[in-house]
1. Want the number for T93 to H159: 0.36 nm per residue separation, take away the alpha-carbon distance, what's left?
2. What full-extension length gain, to one decimal in nm, is calculated for D255 and V69 as 0.36 nm per residue of separation minus the Cα-Cα distance?
3. Which order, highest average first, do 158-169, 125-136 follow once you tally other Cβ atoms within 10 Å for each residue and take the mean per peptide?
4. Can you tally the net charge around A176? Count Lys and Arg as +1, Asp and Glu as -1, for every other residue whose Cβ sits under 11 Å from the Cβ of A176.
5. Only residues of segment 85-103 count here: report those whose backbone N is under 12 Å from the spot 7 Å along Cα→Cβ of T3, or say none.
6. Taking R0 as 41 Å, what's the FRET efficiency between D307 and A79 from their Cβ-Cβ distance, rounded to 0.05?
7. Residue by residue through segment 78-95, what is 3J(HN,Hα) from phi via Karplus (6.51 cos²θ - 1.76 cosθ + 1.60, θ = phi - 60°)? Round to whole Hz and write x for glycine and proline.
8. With each pseudo-label sitting 7 Å past Cα toward Cβ, what's the R288-A188 distance in nm, one decimal?
Amino acid sequence: MKTDLTDTTSSKINKALVLGRRAIGTPAVGMVLTLVIVTDEENAYDALKAANDASREHPSRTLVVIKRVSRSPRDRAKARLDAEVRLGADASTGETVVLRLYGEVVDHAQSVVLPLLLPDAPTVVWWPVNAPADPANDPLGALAQRRVTDTYASEQPIHELTGRADTYTPGDTDLAWTRITPWRSMLAAALDQVVCEVTSAEVEGEEFNPSVELLAMWLADRLKVPVRRSTSAGPGLTSVRMESTCGPIVLDRPDGSLATLSIQGQPDRGVALKRRETAELIAEELRRLDPDDTYASALRYGLDRLDEESKVTAPVAPAAAAADPAAADSASASASASASADPASAPAPADPASGTAKAPAKKSPAKKAAAK
């Protein structure tokens, strides 16, 4: 059931919700929370679809706040509120109100949303895109117990992640952190299977992905070891390698679906680690409405500290050095330098004609070169 309201008010929207519930035969309100989605017209459809899918697990009243940009100065001076009320099958298991704000009312969205919040129920605000720099101090964010952002959707994800650490308030969370929940669970389970000490770690993923940085900061904060980050073609996170006293522990996911867990002395195991849809991420965030202390600790660890700690990571393994041409060139250069310093210790070059090694050169020229 859909009801369109043009140039309306919050009281008329509440009245339309009551009449709509009576019309479909469900006068009681069975919602467990209010989900406020602050987005633009371009991303409203995808965000609302994800919220409707998540409402099957968490029946909620969904308020979609769309701030429309007026083209002319006359339109910007005129305040107007349009609403679309959806109930029943059109709103999945909850209630949906799409609010379109025009003119001066755009700067006072909280006054429109406040009368529509469910009484005695928690409120969650989600910004799919264009999240404020300080969500807790935003007029809409101040109404909520939980504030959900997504740094992956921003233009500068890593810079945005640093800003989230500076303005963190209990109740803030990010979908970039939610995406690595299966990775954190699997890595913690892998460490429970061995009795050893982790000495260093490496996280590999696509460039400018905040989930890579958050997973690296979580490992560094929990294990107290230096963590390197390396880039790959993706998708998302592709590999985590932990060096330990019992051998390497590797969780590799090259295709974004099936991962392989490798532990020294144990057979490799396939692990379902597919990339999740936005609806699953939102549903996970709505399961807990208390502050996420683990996220706060990892976020406050800081990217600067992570970079400093990664500089003292254990040297690259010989196999990795052989696969890296730059490392091989560096090794040959150091070998040449040592050979020029001590000619007697350098191996004799082979004679291509006879297949035998040539006799070492006379020592007097070498001594003169060394003296120079």
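The values are calculated or read from the model by the stated rules, or taken from the named source; none is laboratory data. This structure is a prediction, so every number in the text was calculated from the model and none was measured. Note that we place each Cβ from the backbone using ideal geometry, even for glycine, and neighbour counts take in every protein chain shown. Each accessible area value is taken on the protein alone, full model and side chains, heavy atoms only, with ligands, DNA and RNA left out. Shrake-Rupley method; radii C 1.70, N 1.55, O 1.52, S 1.80 Å.
1. Working: separation 66, 0.36 × 66 = 23.76 nm, distance 3.77 nm.
Extending this stretch completely gives an extra 20.0 nm.
2. On the way: separation 186, 0.36 × 186 = 66.96 nm, distance 4.05 nm.
Extra length available between D255 and V69 comes to 62.9 nm.
3. Working: 158-169: 16.3, 125-136: 19.7.
Sorting 158-169, 125-136 by mean packing, highest first, produces 125-136, 158-169.
4. Working: positive: R164, R179; negative: D150, E160, D174, E213.
So the surrounding residues net to -2.
5. Zone members listed by number: 85-88, 96-97.
6. On the way: r = 48 Å, r/R0 = 1.17.
Once the sixth-power term is evaluated, E becomes 0.30.
7. 9, 8, 8, 10, 10, 9, 10, 9, 10, 9, x, 5, 6, 10, 6, 9, x, 10
8. Each label point is offset 7 Å from its Cα along the Cβ direction, giving 0.8 nm.
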